[in-house]
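Colleague: Please find one structure pasted underneath; my questions will follow.
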């Protein structure tokens, strides 16, 4: 029996990161580039995850859209800017996913329950189903219990970031793995 050749792009595990409180400080619906404050150590942490062979994907609830505080285009501009800033720092964010829905949304088009809204696993499941990513070895870093519940519902470990230096936190996770 002949061995199958290895795929040139084998499935990679992914580090799912929440945005507000993990990538940037949660200042209450952050959406203005000029007001972004990065979590200390986030760029070295992303570089560390990249070097470990993990994809890095953000999964974020954006209730500010549902509440009419800003629009989806604003979210998109901020995410493009974040990816550019990471790239300039030698780090790579592979993708962004957000959920604009909320059961108590101001605008009717955003007023609904969605499996994509954490604690639902929808954003994680979408990444795993549609991209070259694997569940085994993947995990989520969040700052709220809803983040950990989404990870558990998707069948991956979730880690609660207590604040402080993200690079030290990620280094500890990778050593433990």
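Colleague: Can you tell me how many residues in the stretch 115-142 are part of a loop (DSSP other than H, G, I, E, B) and touching a helix residue (DSSP H, G or I) at 6+ places or on another chain (Cβ under 6 Å)?
Modeller: Residues flagged as part of a loop (DSSP other than H, G, I, E, B) and touching a helix residue (DSSP H, G or I) at 6+ places or on another chain (Cβ under 6 Å) within the stretch 115-142 amount to 5.
Quick grid of which residues meet (1) touching a residue at least 12 places away in the same chain (Cβ under 8 Å); (2) surrounded by fewer than 15 Cβ atoms within 10 Å (Cβ to Cβ); (3) under 19 Å from residue 151 (Cβ atoms):
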{"position": "13", "(1), (2), (3)": "yes, no, yes"}
{"position": "31", "(1), (2), (3)": "yes, no, no"}
{"position": "35", "(1), (2), (3)": "no, yes, no"}
{"position": "40", "(1), (2), (3)": "yes, no, no"}
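Colleague: When you scan the stretch 158-168, do you find a residue that is farther than 19 Å from residue 38 by Cβ, out of contact with any strand residue (DSSP E or B) (no Cβ under 6 Å at 6 or more places or on another chain), touching a residue at least 12 places away in the same chain (Cβ under 8 Å) and in a helix (DSSP H, G or I), even just one?
Modeller: No - not one qualifying residue is present in the stretch 158-168.
Colleague: Condition first: buried (at least 19 other Cβ atoms within 10 Å of the Cβ) and either in contact with a helix residue (DSSP H, G or I) (Cβ under 8 Å, 6 or more places away or on another chain) or in a loop (DSSP other than H, G, I, E, B) (or both). Now tell me which residues in the stretch 76-93 satisfy that.
Modeller: Hits for the stretch 76-93 are 78, 86, 91, 93.
Colleague: Touching a helix residue (DSSP H, G or I) at 6+ places or on another chain (Cβ under 7 Å) and either without any contact (Cβ under 8 Å) to a residue 40 or more places away in the chain or more than 20 Å from residue 101 (Cβ to Cβ) (or both): does that describe residue 65?
Modeller: Values: touching a helix residue (DSSP H, G or I) at 6+ places or on another chain (Cβ under 7 Å): yes; either without any contact (Cβ under 8 Å) to a residue 40 or more places away in the chain or more than 20 Å from residue 101 (Cβ to Cβ) (or both): no.
So residue 65 fails the test.
Bear in mind that the values in this text are calculations on the coordinates, not laboratory data. This one's a predicted model, so the numbers in the text were calculated from it and none came from an experiment. Heads up, the Cβs are rebuilt from the backbone with ideal geometry, glycines too, and the neighbour counts pull from every protein chain shown.
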